[in-house]
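What follows draws every value from the coordinates through simple rules; no lab data is involved. Treat the numbers as computed from the prediction; the structure is a model and nothing was measured. Virtual Cβ from ideal backbone geometry, glycine too; neighbours counted across all protein chains shown.
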2 protein chains.
Amino acid sequence: MSYNPRHMKWWGWGDVDAGFNSEIHPGFWPYAKAQLGIEEETPLAAPVPLEAVQMPEAIANPRFLAELQSALHADQVSDSRHDRVVHAYGKGFRDLFRLRQGSAEGAPDLVVYPENENDVLVTLQAATHYDVMVIPFGGGSNISGCLERMETGRMAVSLDMRRMRRLLAVDAESFTARVEAGVFGPDLEEQLSAHGMTLGHFPDSFLHSTLGGWIATRSAGMQSDKYGKIEDMVIALRMVTPEGVLATRTVPKSSNGIDVNHLCIGSEGTLGVITEATMRVHPRPESRIVPAYLFPDFEGGLQAMRECVNRECMPSMVRLNDPDKTALSLAFKPVSSRLSQAVNRIFKGYLRAKGFDLPRACLMLTAFEGRSTDVARQLQQVSAIYRQFGGISLGSSAGKSFEATKYDFPHIRDFLLDRDVTSDVSETSTVWSNILPLYKATMGAIRAGILESGVPPWSGCHISHTYRSGASVYFTFGFMQQQGREMEQYLRVKRAAQQSFIDHGATLSHHHAVGTEHLPWLAADVSPLGVKAVAAIKHGLDPGNNMNPGRLQPSRDPFEEWSQIGSSSRLKTRAKAASS
Amino acid sequence: MSYNPRHMKWWGWGDVDAGFNSEIHPGFWPYAKAQLGIEEETPLAAPVPLEAVQMPEAIANPRFLAELQSALHADQVSDSRHDRVVHAYGKGFRDLFRLRQGSAEGAPDLVVYPENENDVLVTLQAATHYDVMVIPFGGGSNISGCLERMETGRMAVSLDMRRMRRLLAVDAESFTARVEAGVFGPDLEEQLSAHGMTLGHFPDSFLHSTLGGWIATRSAGMQSDKYGKIEDMVIALRMVTPEGVLATRTVPKSSNGIDVNHLCIGSEGTLGVITEATMRVHPRPESRIVPAYLFPDFEGGLQAMRECVNRECMPSMVRLNDPDKTALSLAFKPVSSRLSQAVNRIFKGYLRAKGFDLPRACLMLTAFEGRSTDVARQLQQVSAIYRQFGGISLGSSAGKSFEATKYDFPHIRDFLLDRDVTSDVSETSTVWSNILPLYKATMGAIRAGILESGVPPWSGCHISHTYRSGASVYFTFGFMQQQGREMEQYLRVKRAAQQSFIDHGATLSHHHAVGTEHLPWLAADVSPLGVKAVAAIKHGLDPGNNMNPGRLQPSRDPFEEWSQIGSSSRLKTRAKAASS
């Protein structure tokens, strides 16, 4: 294998040798401290050592294990401490907070590394036969709680797909590629690149997430404006379930009844394991530019985005920061030379002369890619629209700086957790006419939720992923922790944000999945009968409830269950049959 | 109501006063006779009178009827002969052939016309309670057998949605429109037009089909290249089922687990009744042009289509006829003046001088619509690509002639049935690299199927509805009937076409639904486990199997069942529980 991605650090984001470097971004921590009301710094709160992590003794199922051992190589099965801990959770706040404190109650009893579809089939058949639960695991980057075990009383296996990483076929004439689902973002793009192709899917988690994970959670990449969301890219797939293999055909579109691809997309591991997919791909772009703009206010930026949709000339990426997120972006800038500081002063003077009220100004990041002639035309069209709504060009330096660090943002959370600061995100999507009301209500709800703990709030928002009918609305928030009440603080704010989405007509998430964190709002989002329909599929394909139990099916008191996650001894004993 | 569409003629396509006029198209019948080997014309085979149509005595369910009568107005319930016959079938070959012969064994016992969602709910609740089956009915234009009753032994109700036709809300800022599902194409476009909007969905059946029918069958309109297939346009919907109302939110995109919209789209009436949908709409185009082109051969036209996809400059409609379909189009031309006949002769000379081998030439119809500047640019770009592959412009007269008659083609089948000629269609989609192999194999299979009856075959094909990965491939065929063996002839040819699709990696239909006609190929298309997953949803939402029984669930011997449709006494006695 040319590419064998390591697991991320068990207690945080990214490779063990990567992290947030405050020397490169000297403005960030002073900005954060000022915003969050941090006057004196406490000693760094480092995670406990791996050896000190507490987890339940592994549940043994000797006959299941024997069956696996006869079918797989020895190195495909592991119950090592590191393997169990690194598969215990994804990378949500609750996940990281618990791990850093030394608790891995969600750890599986065993980790299996299939190398082909038959390995998956054998594992699922044995699991069904010996009553073992299986939690599919891609890159482990999910932040909504899709990966921890929700049940005890029977063995839990984490099925880590990273060895299934081959590009199986490219049909360049038809712009399709058939790929094993365990492939990571960079590996996939490198393999497609050899054929002159790209998938065009670049989520923030790109370095640490897999094709199968993207499909199972309905992921969106930064350039979804051009390439679509992952569900728009799937042409065919194969999914191994306890009842056998579901497989669809490589056809552009069909009228063959209910679209069976869509029963698998977004299934969050509850029905089976996606083993491969045939994806729509694109020639690698000949040209790419990343101009940035500044708008006098959020409203103007929003109107400009919507007008680009109306005129059918969207950039491949747009990201409009609100004033708070704009201030954060400025604080995040790499250290600058004296010369650039001087230029900045002159530019600020220019902006004031242009009538900009700087605290209200909003940064718009964009990217355009494709054929050079198309890119030039689109740029001209978009710039004219932006000017019409008061936007001025900032050139390409802000965009290049964003490009250089775009996959680094998740490291900030670890940096802040070291400093007793909680930060997290909640995101949704809504129609154009509802973006501002939703934005105002949710910012208010988040800040009120933080203030209830008596600490100063920080929150910001960006708009991205545009569609004809609307866009994604993405909130980031942060606050000082109160010792012993960290989880309570988080739950209050998270609940306020999510409830605001649902109360204001939006959805529980645009691209982060349901998992545990958004489950209490599922019935309000898709209606109780929608939940029942999903349960019916589960009942048909996984009658023994072996696949990722506890997901997509809210309990009778979902908020109570939700608030208990992370408290000890909250694991349910097994509920064998899928509810129907 | 400003618009109250009549039912189509009970024995054929369209309004009673509409039909194919061979005086306007004098070349058609001579061409058809020559192709089909018809030497002497037999007397016209007119349909039997309505009074002579045989149908089973209506099954009565007095308590069900009493419940309906207490909830609905008298004019919302009908068991008249005309109502029963007109709801007996759609407009497939088998439907029309049986009706013309005087057989309406598929007739429902009662027709109900709901006027709002509550009427639907009341009807479904009563049906569930009193064990009545319900077949949702839109425009009745389906040609795949979605509408006839497949079961006897309990009462069958046809639920005709045409009175639910209101445009409920338009959000012009977000380009969405909320509409009742029983609205017909022209009515919908007229109502949207008052808001400056269009849905952009124009299937061949546009005049005689409804929004709900489009969604339930995954319909495609002629301009899907620009506006998408119907499943791409649905933002939210409401579906009444025996277990209650499923409702989704008006959000552009979500990551809320399995996409519940897609459990309803394509459900062909088997789960419930779609009562309303919120659809993506577009400003009405400022400009529209319909240039046509001639390519030296089919291959060149295909390459040109695919290159437009590659260059991201697709027209809003493309339709490439193969040589046979091109010849049919020429024969279909309205009567021409002496002058235009002279021009034609000159033009043919020009083509020969250009190296065209006329019997191999292929007609490409296109449409471009949108802002004038965009249309002009796209036309320039597309024309340059077409020239590169040998295409020459024919100007706009062929396109205008197509526009004027585009909804009339289905009338030809009635004209031919009058003359003892069977004609029908089978269509599919496949990836670009497979279009030519599939085309050649299927044309061969259809012709061989016809020849087995000892009559001369006619078949032709067009390519339309392009996507990045491929396009729709649409076959039309016709042949002389042999008296008493008409159904056998049809089945042989239809089976040959469909089997060729499946054998060559394509799908059972691109936009005509599964119904009865394509059911034997469903398991091969979506895999047996895909069929099982769909059955599981059915089991969850319609446990009493009240909704359109017999659809989407192939029997153990699907070909045997398929070949029996249309033979008398083939109705199954009731199978109450949905298979799971």
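Estimated from helical segments only, the mean residue ellipticity of chain A at 222 nm is -10500 deg cm²/dmol, where each DSSP H run of four or more residues counts as -39500 (n - 2.57).
Computed from phi, the 3J(HN,Hα) profile of the stretch B:201-214 under the Karplus parametrisation 6.51, -1.76, 1.60 (θ = phi - 60°) reads 10, 10, x, 3, 8, 2, 5, 10, 9, 10, 4, x, x, 4 Hz, with x in place of Gly and Pro.
For the stretch A:70-175, with only Lys/Arg (+1) and Asp/Glu (-1) charged at the beta-carbon, what is the dipole magnitude about the Cα centre, in debye rounded to 20?
Roughly 500 debye for the stretch A:70-175.
Once the Cβ-Cβ distance of B:Asn118 and B:Ser193 is raised to the sixth power relative to R0 = 25 Å, the FRET efficiency obtained is 0.30. With viscosity set to 1.002 mPa s and temperature to 20 °C, compute the Stokes-Einstein D of the stretch A:15-144, Rh being the Kirkwood radius across alpha carbon pairs; µm²/s, no decimals. In µm²/s, the coefficient is 122. With contacts taken as Cα pairs under 8 Å at a separation of at least 6 residues, chain A carries a relative contact order of 17 percent.
Annotation: extensible slack from A:Ala34 through A:Ala46 equals 2.1 nm (criterion: 0.36 nm per residue apart, minus Cα-Cα distance).
The mean sequence distance of close C-alpha pairs (under 8 Å, at least 6 residues apart), as a share of the length of the stretch A:147-195, puts its relative contact order at 32 percent.
When the dipole is taken about the Cα centre of the protein assembly as shown, and only Lys, Arg (+1) and Asp, Glu (-1) are charged at their Cβ, what size is it in debye, to the nearest 20?
2060 debye
For the peptides A:429-437, B:12-20, A:37-45, the ranking by mean Cβ contacts within 10 Å, running from highest to lowest, is A:429-437, B:12-20, A:37-45.
Mind ranking A:282-290, B:482-490 by how tightly packed they are, going by the mean number of other C-beta atoms within 10 angstrom, highest first?
A:282-290, B:482-490
Mean partner shielding of peptide B:463-473, defined as the number of other chain Cβ atoms within 10 Å of each residue Cβ, is 5. The slack between B:Ala448 and B:Gln483, meaning 0.36 nm per residue of separation minus the straight C-alpha distance, is 10.6 nm.
For each pair in A:Lys440/A:Lys538; A:Lys406/A:Lys532; A:Lys226/A:Lys406; A:Lys91/B:Lys229; A:Lys33/A:Lys400, compute the distance between the two Cα atoms and list the pairs where it is over 29 Å.
A:Lys440/A:Lys538; A:Lys406/A:Lys532; A:Lys91/B:Lys229, as the Cα separations exceed 29 Å there.
Sorting the segments B:217-225, B:395-403 by their mean number of nearby beta carbons within 10 angstrom, highest to lowest, gives B:217-225, B:395-403. Shown in residue order for the stretch B:380-387 are the 3J(HN,Hα) couplings computed by the Karplus curve 6.51 cos²θ - 1.76 cosθ + 1.60 at θ = phi - 60°: 4, 5, 5, 4, 5, 5, 4, 4 Hz (x for Gly and Pro).
How high is the relative contact order of the stretch B:172-267, given as a whole-number percent (alpha carbon pairs under 8 Å, six or more residues apart)?
It rounds to 22 percent for the stretch B:172-267.
Charge dipole (Cα centre; +1 on Lys/Arg Cβ, -1 on Asp/Glu Cβ; no other charges) of chain A amounts to roughly 1340 debye.
Taken over the alpha carbons of the stretch B:171-243 as equal point scatterers, the Debye sum produces base-10 log I(q)/I(0) values at 0.21, 0.23, 0.25 Å⁻¹ of -0.95, -1.14, -1.33. For B:Val514, nonlocal amide neighbours, meaning residues 5 or more places apart or on other chains whose placed amide H falls under 5 Å from its own, are A:Gly257. Shown in residue order for the stretch B:315-330 are the 3J(HN,Hα) couplings computed by the Karplus curve 6.51 cos²θ - 1.76 cosθ + 1.60 at θ = phi - 60°: x, 6, 9, 9, 8, 9, 8, 6, x, 5, 5, 5, 4, 4, 4, 5 Hz (x for Gly and Pro).
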